[in-house]
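Asker: My questions will all concern the structure given below.
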Amino acid sequence: MKSIYDILQTLKTDLSDDIPALLETACLDDFDVYTIGGSRNPKEKALCVYKDTVRKDALQNILSLIVQAQLTGVDEITGAKYEDVLIDYFKSYNPEYIEMHILDTMESGTFPIDQSQGMIILMTIQFTEMLDGCDD
């Protein structure tokens, strides 16, 4: 498994390289910023990546990540389109890009931003790397 730093950097780069074209195809506006950690501006559309948990044992390494889409000014139905794009992206994302083997689970939920200012999509994505007797 790569270092957490490298995984976050790789995923941020992959998202910022791949997602704009997918959003354009879905007739959606691109995110204003792709970032590790939260957006500093509550008025922008932001795609944020966080490390959730890491578990390592003798048989496997498990990495859970949180991806948050901050969709200021986006209504519920448009937000559902963003969520579809993100779910499809991660279903097809190759875990080997971050030196993992499989995408174990993916959960996605949506939450309103105060006073109908938009919405937040919160995804938890868990990857697993199976170890063999030769791994450290």
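Taken together, the values in this text are just the output of simple stated rules run on the coordinates, not laboratory data. These numbers come from a predicted model, not from an experiment. Don't worry about glycine lacking a Cβ; one is built from the backbone with ideal geometry, like all the others, and counts go over all protein chains shown.
Asker: Could you please state, rounded to a whole Å, how far the C-alpha centre of the stretch 42-56 is from the C-alpha centre of the stretch 72-128?
Answerer: Centre-to-centre distance over Cα atoms comes out at 11 Å.
Asker: Nearest 5 is fine: what % of DSSP beta bridges in the chain come out antiparallel, could you say?
Answerer: Values: 34 of 38 bridges.
The antiparallel proportion sits near 90 percent.
Asker: So for the pair ARG55, CYS27, with labels modelled 7 Å out along Cα→Cβ, what separation do we get in nm?
Answerer: Computed distance between label sites ARG55 and CYS27 equals 4.3 nm.
Asker: What angle, in degrees between 0 and 90 and rounded to the nearest 10, separates the Cα long axis of helix 4-25 from the longest principal axis of the Cα atoms of the chain?
Answerer: So the inclination is approximately 40 degrees.
Asker: Sketch the reach of a paramagnetic label on LEU131 as a point 7 Å from Cα along Cα-to-Cβ, and name the residues of the stretch 36-68 whose backbone nitrogen lies under 16 Å away.
Answerer: 54-64
Asker: Stretch SER3-GLU107 to full length: gain in nm at 0.36 nm per residue minus the Cα-Cα span?
Answerer: On the way: separation 104, 0.36 × 104 = 37.44 nm, distance 2.35 nm.
Difference between extended and current length: 35.1 nm.
Asker: With Rg and the Kirkwood Rh both taken from Cα atoms, where does Rg over Rh land for the chain?
Answerer: 1.00
Asker: Take SER16, project a point 7 Å from its Cα along the Cβ direction, then tell me which residues of the stretch 26-66 have their backbone nitrogen under 17 Å from it.
Answerer: 30-41, 44-51
Asker: Considering the options ALA80, THR25, GLY37, tell which one lies farthest towards the positive end of the dipole of the stretch 4-130, charges being +1 on Lys and Arg and -1 on Asp and Glu at the Cβ, about the Cα centre.
Answerer: GLY37
Asker: In whole Hz, with x marking every Gly and Pro, tabulate ³J(HN,Hα) for the stretch 82-91 from phi via Karplus 6.51 cos²θ - 1.76 cosθ + 1.60, θ = phi - 60°.
Answerer: Couplings: 4, 4, 4, 4, 5, 4, 4, 4, 6, 4 Hz.
Asker: Taking the mean number of other Cβ atoms within 10 Å as a proxy for protection, how do you rank 11-20, 60-69, 103-112 from highest to lowest? Could you put the intermediate results ahead of the total?
Answerer: On the way: 11-20: 16.1, 60-69: 19.2, 103-112: 13.2.
Answer by packing, highest mean first, reads 60-69, 11-20, 103-112.
Asker: In the stretch 1-90, what GluC sites (Glu not before Pro) fall in a loop by DSSP, with at most 16 other Cβ atoms inside 10 Å?
Answerer: Working: sites: GLU24, GLU44, GLU76, GLU83; in loops: GLU44.
Passing sites in the stretch 1-90 are GLU44.
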